[in-house]
Amino acid sequence: MTVKNIEVTPEELKAIKRLQNAAKNFPKTLWLFSASGTLCVMKKENGSPVMLHNTGGVDPDYIIDTIKIENDGGDW
C-alpha cells in the first residue's frame, strides 16, 4: 500500500493502527517525552507535565517507564 507516496507494508499499517488505538486509551495523567531518542512515559502532576524550576527542563523523577521505539523529539 502507498500512503503519501511512501510504500507501507501491512505490518507497518497494523503497528500504526495499534499506536492510534493506544492514543485513544492513553490516561490523561500520563504523557510521553522524547529524551535523546528514549521515549519516556511520564506522570503528570495536577494535570501538567512537571518541569525543573532551575532549568525549565522536564523533571526526570517523573519517568515511570521507557518504551523502546526509535524516536526523535527535534523540531522540523
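Coordinate-derived values only; no laboratory data. All values reported here derive from a predicted model rather than from experimental measurement. Cβ atoms come from the backbone with ideal geometry, glycine included; neighbour counts cover every protein chain shown.
So the values come out like this:
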{"quantity": "Relative contact order, percent, the chain [alpha-carbon distance under 8 Å, six or more residues apart]", "calculated": "26"}
{"quantity": "Cut-off under 5 Å, modelled amide H: who pairs with LEU30 long-range", "calculated": "LYS44"}
{"quantity": "Degrees between helix 10-24 axis and first principal axis of the chain (Cα, 0 to 90, nearest 10)", "calculated": "30"}
{"quantity": "Residues with amide H under 5 Å from that of ALA35, placed H, sequence gap 5 or more", "calculated": "CYS40"}
{"quantity": "Sorted by Cβ neighbour density within 10 Å, fewest at the top, the residues PHE33, PHE26", "calculated": "PHE26, PHE33"}
{"quantity": "Unit charges on C-beta of K, R, D, E only; dipole of the chain, Debye", "calculated": "420"}
{"quantity": "Cut-off 12 Å between beta-carbons: net charge of the residues surrounding TYR62, Lys and Arg +1, Asp and Glu -1", "calculated": "-2"}
{"quantity": "DSSP loop trypsin sites (Lys or Arg not before Pro) with at most 12 other Cβ within 10 Å excluded, longest remaining stretch of the chain", "calculated": "29-67"}
{"quantity": "Full-extension gain in nm, ASN71 to LEU32, via 0.36 nm per residue minus C-alpha separation", "calculated": "12.9 nm"}
{"quantity": "Extended-chain gain in nm, criterion 0.36 nm per residue less alpha-carbon gap, MET1 and ILE16", "calculated": "4.1 nm"}
{"quantity": "Helix-derived mean residue ellipticity, 222 nm - over the chain, DSSP H n ≥ 4, -39500 (n - 2.57), to 500", "calculated": "-6500 deg cm²/dmol"}
{"quantity": "FRET E, pair ALA23, VAL50, Förster distance 22 Å, beta-carbon r, rounded to 0.05", "calculated": "0.55"}
{"quantity": "Amide proton proximity set for VAL8, modelled H, under 5 Å, gap of 5+", "calculated": "THR2, VAL3"}
